[in-house]
Amino acid sequence: MKEITLHEAAERAHQTEIICRLLEVYPDKLNDGDISALAGLLAKLSGSVALWLIDERAERYEK
């Protein structure tokens, strides 16, 4: 996976929050396909943020 910057990680975390709020506010307006697509997007966005945080933590503890 391509390494991302702090700015990109923050942006992806913000996008993840927006999608979660969308699911919370409009659960009855989304069909199964929409929810499945959003779940995949959430996994991709949150996974890249988690990976960045893990890598950043490892770098800080190595110093």
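Where Rh is the Kirkwood radius over the Cα pairs of region 6-62, the temperature 4 °C and the viscosity 1.567 mPa s, what D in µm²/s does Stokes-Einstein return? D, rounded to a whole number, is 104 µm²/s. Per-residue 3J(HN,Hα) values for region 38-43, derived from phi via the Karplus relation 6.51 cos²θ - 1.76 cosθ + 1.60 with θ = phi - 60°, read 5, 4, x, 5, 4, 4 Hz in sequence order (x marks Gly and Pro). Overall, the chain carries a charge dipole of about 80 debye about its Cα centre when +1 sits on the Cβ of Lys and Arg and -1 on the Cβ of Asp and Glu, all other atoms neutral. Computed from the C-beta positions of H7 and D34 and an R0 of 30 Å, the FRET efficiency is 0.55 to the nearest 0.05.
Multiplying the residue separation of I19 and I54 by 0.36 nm and removing their Cα-Cα distance gives an extension gain of 10.3 nm.
The listed peptides 51-58, 23-30, 12-19, ordered by packing as a protection proxy, come out as 12-19, 51-58, 23-30 (highest mean of other Cβ atoms within 10 Å first). Net charge near L23, counting Lys/Arg +1 and Asp/Glu -1 over other residues with Cβ under 15 Å of its Cβ? Here the count lands on -3.
A short reminder: the numbers here are calculations on the coordinates, not readings from a lab. Note that the structure is predicted; figures quoted are calculated from it, not measured. We place every Cβ from the backbone using ideal geometry, glycine too, and count neighbours over all the protein chains shown.
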